[in-house]
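Following: one structure in structure tokens, then a few remarks.
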Amino acid sequence: MNLPWHLYVMALLYILAGINHFRTPGMYLKIIPSYFSNPKLLNILSGVAEIILGSLLLISATSHFAAWGIIALLVAVFPANVYMYQNKKASFGLPRWVLILRMPLQLVLILWAYQYTF
């Protein structure tokens with residue numbers, strides 16, 4: 001495989017984050033906005049998606065598809081960042097400035113994934 005080292009870093013981050021959905025589900029359930037039904041299922045689906053997409057990043061033939069999937073996933077989970085900012089119980093006691101910075105960080109992660117889409 002002739003993949004750049006930073007793609008391995010990205011893959012590892014998503015795989016570990018996906019695994020964490022199953023190790024500490026309460027953390028993720030807490031940030032799923034209340035207007036979504038079945039938060040347990042959403043947590044499982046997003047965890048599985050992160051593991052699969054992270055793994056697919058490691059295969060040259062599928063890395064560009066995985067990058068598009070990661071972009072879609074990051075857009076889909078963005079409401080959790082907004083919810084953390086709006087809901088004190090979901091904020092984990094983080095300072096407001098950290099919660100605000102999480103939102104543009106999502107864009108940085110999207111741009112990072114975008115570089116692997118072609």
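The values are calculated or read from the model by the stated rules, or taken from the named source; none is laboratory data. No experiment lies behind these values; they were computed from the predicted model shown. Please note: Cβ atoms are built from the backbone with ideal geometry, for glycine as well, and neighbour counts cover all protein chains shown. Protein only, heavy atoms only, side chains kept; ligands, DNA and RNA dropped before computing areas. Shrake-Rupley method; radii C 1.70, N 1.55, O 1.52, S 1.80 Å.
Enter the accessible area per residue of the chain (Å², integer; probe 1.4 Å; all protein chains in place). Intermediate values should be presented prior to the final figure.
Working: 7210 Å² over 118 residues.
Per-residue value: 61 Å².
Where the accessible area of the chain is counted over protein heavy atoms with a 1.4 Å probe, how much of it, in %, is carbon and sulfur? Show your work: numbers first, answer last.
Numbers: 5320 of 7210 Å².
Roughly 74 percent of what the probe reaches on the chain is carbon or sulfur.
Bin width 10 Å, origin at 0, all Cα-Cα pairs of region 1-106: what percent of pairs per bin?
15, 42, 32, 10, 1
Between GLN86 and ALA61, take the C-beta separation as r, use R0 = 41 Å, and let me know the FRET efficiency to the nearest 0.05.
Working from the Cβ atoms, E equals 0.50.
With +1 on each Lys and Arg Cβ and -1 on each Asp and Glu Cβ, how big is the dipole of the chain about its Cα centre, in debye rounded to the nearest 20?
Computed charge dipole of the chain: roughly 480 debye.
When the C-alpha atoms of region 1-58 are aligned to their principal axes, what extent does each axis show, in angstrom, from largest down?
Principal extents (largest minus smallest coordinate, Cα): 43, 16, 14 Å.
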